[in-house]
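Structure first, then comments.
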Amino acid sequence: MRRVMMCAAVGMAVVVALVLLPSGRVWSQDIARVIVSNFPEIQKIDGVVEIKSPVPHHEMVRKLGVVVPPVLRNDTGDLIAGGQLSAAKFTGVMLSLQGSVRGTLGEAGSVGAVLVPREEAIQEAFRREELIQLAPEVTSVLARKDVEYFSAQVYQDVAFPVYDIYFYNSTDKPVEVNLYGYLTN
């Protein structure tokens, strides 16, 4: 009888220990088991789940040394093209514009960069009607004639995968600009 009681007590202790221990506890810090749970049929996970490379969290894009002669923002046919910004993997961009004036300003104005989404309807309005729509923009106002250097910075949400970059300069002197786009998630 005593042996039966002892076995029952040990059995009960083992059951209690298994119930009270947290499931999936990692005893070694070197190896961790990952469990992937399927959701309803519409989100069913099938096959091997793996990440082959780190997921990008940021990227810096630079457009350096762009000379921008006087051209008004709304003269879309004359804006200075600055290439593309691919933002497909990101949700936001910090646009930083920095530059210098070539010469002495005769009149104040603004220098900026505008990112026109590469979408057919938006591009058509840009080309045909000279409309700038749904476009992130960074602008530096040059209010004094003795300005030699300027800068501006703005954070914008990313809404399209690809943008065309255009520069403008409403002063009376050419400027040289650097555009930095810090893409983030």
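Values for this structure:
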| read-out | value |
| --- | --- |
| Global form of the stretch 122-164, assessed from the alpha-carbon gyration tensor, a/c cut-off 1.5 | oblate |
| The stretch 116-177 - percent relative contact order, Cα under 8 Å, separation 6 or more | 38 percent |
| FRET efficiency for GLN156 and ASN178, using Cβ-Cβ distance with R0 set to 22 Å, rounded to 0.05 | 0.80 |
| Least to most buried among VAL101, VAL71 (fewest other Cβ within 10 Å first) | VAL71, VAL101 |
| Residue order, fewest to most beta carbons within 10 Å, for MET12, MET94 | MET12, MET94 |
| Backbone N under 19 Å from the HIS57 label point (7 Å along Cα→Cβ), restricted to the stretch 79-123 | 88-94 |
| R0 of 45 Å, Cβ-Cβ distance VAL48-ARG2: FRET efficiency to nearest 0.05 | 0.25 |
| Proximal lysine pairs, the stretch 39-168, alpha carbons under 25 Å, eight or more residues apart or interchain | 4 |
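Every read-out reported here was derived from the displayed coordinates using simple, explicitly stated rules and does not represent laboratory data. All values derive from a computational prediction rather than experimental measurement. Here Cβ is always computed from backbone atoms with ideal geometry, including for glycine, and neighbour counts include all displayed protein chains.
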